[in-house]
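Structure first, then comments.
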Amino acid sequence: MRLFFLTILVALLYVPIYSSSILCSVDSENNFEFVISHVHIFEDTSNSVTIQDILNHNKNIVFTEMQENFVNIGFTQSAYWLQITIQNNTPKETGYLLQYLYPLINTISFYKTQQKYVLDSIQTGENYPHTSRIIFSNYFVFSMDVPANSEYVFYICLYNSGETLRIPLKIEKKSARADYGNKKTFIDSLFYGYLIFAIAFNLFLFILIRRKIYFYLSAFLITMTLFLLVIQGYAFQYLWPNSPLFSNHSLVLFSQLSSFAILEFANVFLKNTRRIRIISYILIGIGISILICNYIPGILQYSVLAANIYAFITSSFILTISIIQYTKNKTLYNLIFLYSFACVIISVLIYILRNLGILGVSFITEHALKTGLALQATFISIATIIQFRDMLVETNKFLENMISLRTKKISEQNALLHTQNKTIKNQYEEIKKSIEYAKRLQHAVLPNKYRFSSVFKDHFILFKPKDVVSGDFYWIYEKKQKTYIVAADCTGHGVPGGFLSMLGISFLNQIIIRKRDIRPHEIVNKLAILFAETIANYEDKISRDSMDISICLIHHDTNQLEYAGANNSLILIRDNTLQELSVDKRSLHKEFLTEHFSFSGKCIDLLPHDKVYLFTDGYYDQFGEQNNKRISKRQFKSLLLEHSNKPMAMQYEVFDTFFTQWKGTTEQIDDVLIIGFEL
């Protein structure tokens, strides 16, 4: 922050240094005499006088003595002629420079004459490219060389097309100008370097924080810097030296754009009400009209005057609302903002009165605008930083309050969650106990392995529920010389599938035990009816509950196998050949009663060493960890055929190991059931 204020101080020090170099110098060294009485002035109201008219005395032309080095004429349509007579009574040539220190002149003509002859002439000004100037400068500099023991008369014609006209003259040695130019360039570099620093700083804040206030402030500083470059002649010298037309209109252009930017900045900074914003938008509309007039031929001088008045009105408007805002909210940044516009309103007023010719050209009038705008840029930047700091403090307080409230609310919610978690945990334990009890019930109704061992020479049952209880189930029942074997897959898994499986076992007990000599397809038909009647009673009209089932009946006395099924086939392996025993491709579901469908049955003869397999789709539908693909039914059949000659216990190990390795760490997607037996 100290470095920031030090930079401001150094930038503003240019004022006293620069002022000492503007005074008209009088040099009498080497017996060369030049006094102010040698400068005469003539007003050409008709704009028709030529240099030949003056030299030949063709018109009634009367030059009067110019009493001051700096003459402020104000807005005028007249052309002004200056006459400077230099007599060199020394034995050597004199070398001096005449400087016209006002860059905003449309046309300036310089003539070097002796008696009635024009020895040299130069036509330049804002209406000409900058290259028309013999000596490279932001002002107009002409060489005044007079040979020894000679007398030359120099004429300068000034015309500014109705705009403000000032005549600040300076005559000095050629060697002295180099020292002055270096000093002036250094001081101006410090001043504009400070403005560029302020622009870069605010643009950086805009990019970093994304607040519009920094964008408008940057726009104001950029346009105001360009405006100052225009009125000092640097813009025409360095930025657009070959565009005299644009240079003529640039003064009003950047003056208006800077006013627009500062109006928008004030709206955001002062948080203006809707009514004040409307007034500012009306002012912007008026400013745009002035800007348009700036490009209409013939009324440029009026747009310059209007731009001067407009700048004063907008500054006064912002000063007024800043006073109102400060009375409502007496903050430090509002006070600094008020000071900034107090400075600029004074400087703009002095600038306008000087342009109107009411105030003369002096140190104060020459530097009032630059000083005021430099102070304004400084104060506004400081006010913006302080406002942002206060906003951060208020935001932090707000966030702290919000965090406190949120912390309190979170604590209350945590207490509530703790209570709810405790309740959920208790409920979970109850549900877990219920599921475990359901598991015991399901295992109780499933046949044990000894019932299979008593019937078959060899067998295995691979039963892997996905959850605690299973939607797959198997069932066996012996009746005289007959054995019924069932493998079924109910919709879903877990508790819903478990309930359906127990329902299926209950139906099988009801159908087979009560009726003797019932055939497999009859069992499937009766089971379909019972299943459909039960599911259809649900009011929620569940449509996805179904059951796939395989049922086979073994006649031990004749070695025949009767089978039927609903969308769940069987596999027979005989002499290393696999045969899939197909069944009806239709599941048991609630629409069975309305479909009028009857399941069919088939019968085959069994031979010694035949192997029969009943299964559900859970095994070959499982996804693998390595390739995220299913085992597939084709590969399942290949496994059955490949290992069918092994004992059933070894087949169990093969299928269990293969499934575990294939699944890896992926989740088991369904219940798994495979039953294999050999008579």
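Does region 302-334 hold any residues that are free of Cβ contacts under 8 Å to residues at least 24 places away in the same chain, closer than 16 Å to Asn267 by Cα and hydrophobic (A, V, I, L, M, F, W, C), and which are they?
Of everything in region 302-334, those that are free of Cβ contacts under 8 Å to residues at least 24 places away in the same chain, closer than 16 Å to Asn267 by Cα and hydrophobic (A, V, I, L, M, F, W, C) turn out to be Ile323, Ile324.
Just need a number here: residues in region 95-118 that are β-branched (Val, Ile, Thr) and either crowded, with 20+ Cβ neighbours inside 10 Å or not in a strand (DSSP E or B) (or both).
Here the count works out to 2.
Looking only at region 616-628, decide whether some residue is assigned to a helix (DSSP H, G or I) and over 21 Å from Asp472 (Cβ atoms).
Within region 616-628 (the criterion being assigned to a helix (DSSP H, G or I) and over 21 Å from Asp472 (Cβ atoms)), the answer is no, since none of the residues qualifies.
Is it true that some residue in region 453-462 is open to solvent by less than 10 Å² (accessible area, probe 1.4 Å), at pLDDT below 85 and under 17 Å from Leu673 (Cα atoms)?
No: region 453-462 contains no residue that is open to solvent by less than 10 Å² (accessible area, probe 1.4 Å), at pLDDT below 85 and under 17 Å from Leu673 (Cα atoms).
Is there any pair with a first residue in region 71-91 that is open to solvent by less than 10 Å² (accessible area, probe 1.4 Å) and a second that is of a type in the set (S, T, N, Q) and part of a strand (DSSP E or B) whose Cβ atoms are under 7 Å apart and which are 6 or more apart or on different chains, and what are they?
Gly74/Thr164; Asn88/Thr94; Asn88/Ser150
Here are some residues: Lys432, Lys425. Which one is surrounded by 10 or more Cβ atoms within 10 Å (Cβ to Cβ), at pLDDT below 80, out of contact with any Asp or Glu (no Cβ under 9 Å at 6 or more places or on another chain) and of a type in the set (Lys, Arg)?
Lys432
Could you say which residue among Lys370, Lys409, Lys330 is outside any helix (DSSP H, G or I) and either modelled with pLDDT of 80 or more or under 23 Å from Phe197 (Cα atoms) (or both)?
Lys330
Of the numbered conditions (1) at pLDDT 80 or above; (2) open to solvent by 50 Å² or more (accessible area, probe 1.4 Å), Ile386 satisfies every one except a single condition; which is it?
(2)
One line per residue, one yes/no per condition, for (1) part of a loop (DSSP other than H, G, I, E, B); (2) in contact (Cβ under 8 Å) with a residue 60 or more places away in the chain:
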{"position": "Asp120", "(1), (2)": "no, no"}
{"position": "Ile135", "(1), (2)": "yes, no"}
{"position": "Tyr214", "(1), (2)": "no, yes"}
{"position": "Leu217", "(1), (2)": "no, yes"}
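The values are calculated or read from the model by the stated rules, or taken from the named source; none is laboratory data. Source: prediction; values computed, not measured. Quick reminder, even Gly has a Cβ in these numbers, built from the backbone with ideal geometry, and neighbours come from all protein chains shown. We work out accessible area using only protein heavy atoms, side chains counted, and drop any ligands, DNA or RNA first. Shrake-Rupley method; radii C 1.70, N 1.55, O 1.52, S 1.80 Å.
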